[in-house]
Amino acid sequence: SPLASPQETLMGKYGEDAKLIYELQDQGGELLALRYDLTVPFARYLAMNKIANMKRYHVAKVYRRDNPATTRGRYREFYQCDFDIAGQFDPMIPDAECLKIVHEILSDLQLGDFLIKVNDRRILNGVFAVCGIPESKFITTCSTVDKLDKMPWEEVRSEMVGEKGLSPEAADHIGEYVQLHGGLDLIERLLQDPKLSQHKLAKEGLGDMKLLFEYLTLFGIAGKISFDLSLARGLDYYTGVIFEAVLLQQENDHVEESVSVGSVAGGGRYDGLVGMFDPKGRKVPCVGVSIGIERIFSILEQRVEASGEKVRTTETQVLVATPQKHFLAARLKLISELWDAGIKAEMLYKKDPKLLKQLQYCEDTGIPLAAIVGEQELTDGVVKLRDVATREEVRM
């Protein structure tokens with residue numbers, strides 16, 4: 001999908017986040033925008049190519065006109081790594097697979113303890129409805145609820161009443177629900193809730209959530225998943241299940257402060273998005289997840305820094321070195337042979353480097369071997385191979 005799209009492709013899909021879209025105008029006066037995520041371009045691609053089912057991953061850059069905290073791995077230009085399943089399938093089977101993939105990735109990266117919060121837009125809208133919120137205010141209320149992980153309920157409540165114009169009673173009523181989190185037991189309890197059980201969509205959402213937790217239990221990952229009614233994900237296009245993975249406090253207390261970066265992955269179901277781009281309004285149900293690579297890198301980097309271990313930045317296997325002057329030609333010939341043989345080799349870009357400097361470079365960068373050619377080696381038709389760590393040498 002192209003980096004810059006016509007503005008109308010992106011507008012009206014992101015709710016309050018739309019103010020973060022980079023808007024451009026080209027020399028011909030055409031109004032364009034830089035992509036904000038990989039989901040909307042994917043939905044457009046499915047609609048334009050009349051694709052009814054597809055499973056794909058996509059790693060690419062996206063852009064947000066934000067005031068980000070670069071120290072915490074948040075930037076205006078950053079990579080997203082997306083996985084999506086598009087197509088008409090039985091409820092919650094693809095959704096469970098998306099969560100399984102997030103669990104697998106976060107476990108393999110060994111980022112420490114994490115939790116995947118799950119909710120459903122239908123349950124959230126049901127909560128708003130039974131609390132007496134008019135439908136026109138669902139989306140703005142949603143983006144306020146979404147701030148509960150960053151600020152206490154008192155502040156969220158005052159934003160609802162002060163800025164969003166909800167009545168204090170309605171806000172308090174919402175508060176009773178959105179502070180709940182748990183597992184299957186909570187789902188069962190809400191299915192019995194006299195008000196929510198009367199709301200058609202909320203009941204549907206809770207039924208699906210129960211199914212989802214059954215599948216997650218079969219996948220063996222339910223222990224890391226929390227049904228959390230405060231999760232709202234402020235984007236407009238979600239229609240059903242929504243989820244977000246957060247890292248919990250790190251094991252070692254002294255770096256815990258600097259390393260806690262919060263959310264590292266998020267996603268959900270967006271069944272209506274493809275239909276927005278299809279001339280006939282043909283819908284393709286979709287569910288997907290997006291992983292923020294920079295945020296994960298910033299944690300891994302801080303880990304390495306805290307542990308003091310040295311990280312190799314290259315995979316070079318051997319440095320071609322010479323002990324005497326005027327041996328550049330021999331080095332160039334030898335390195336060329338090594339490259340042709342598929343061996344990762346380097347040499348210093350100096351005509352006559354000192355041998356000590358070349359060996360020091362190997363130590364600094366962690367190159368394990370040095371291939372040394374001098375006058376004697378050329379005469380004997382051999383190369384002296386030196387193990388940098390043990391300083392052992394063999395002629396070959």
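The values are calculated or read from the model by the stated rules, or taken from the named source; none is laboratory data. None of these values were measured; they are calculated from a predicted model. Because the Cβ atoms are built from the backbone with ideal geometry, glycine has one as well, and the counts that use them run over all protein chains shown. To get the accessible areas, we keep the full protein, side chains included, count just its heavy atoms, and leave off ligands, DNA and RNA. Shrake-Rupley method; radii C 1.70, N 1.55, O 1.52, S 1.80 Å.
Only residues that are loosely packed, with under 15 Cβ neighbours inside 10 Å and either under 13 Å from T141 (Cβ atoms) or not assigned by the TED database to the domain that holds D271 (or both) were counted across the stretch 170-209, and they come to 0.
Residue check: S230 meets all listed conditions (1) open to solvent by 40 Å² or more (accessible area, probe 1.4 Å); (2) in a loop (DSSP other than H, G, I, E, B); (3) in contact with a Lys or Arg (Cβ under 9 Å, 6 or more places away or on another chain) but one, namely (1). Residues that are within 30 Å of S136 (Cβ to Cβ) and open to solvent by 80 Å² or more (accessible area, probe 1.4 Å) number at least 3 in none of the strands (runs of 3 or more DSSP E) confined to the stretch 10-81.
Scanning the stretch 285-333 for residues that are over 14 Å from L247 (Cβ atoms), open to solvent by 30 Å² or more (accessible area, probe 1.4 Å) and touching a helix residue (DSSP H, G or I) at 6+ places or on another chain (Cβ under 8 Å) yields A306, V311, R312, T313, T314, P323, Q324.
For the stretch 262-314, taking the residues that are without any contact (Cβ under 8 Å) to a residue 60 or more places away in the chain and of a type in the set (A, V, I, L, M), the one that is nearest to Y75 (Cα to Cα) is identified as V304.
Within the stretch 91-100, does at least one residue satisfy the condition of being touching an Asp or Glu at 6+ places or on another chain (Cβ under 7 Å), in a loop (DSSP other than H, G, I, E, B) and at pLDDT 95 or above? The answer is yes; a qualifying residue exists. Being at pLDDT 90 or above and within 25 Å of G292 (Cβ to Cβ) holds for only one residue in I139, I105, I123, and it is I105.
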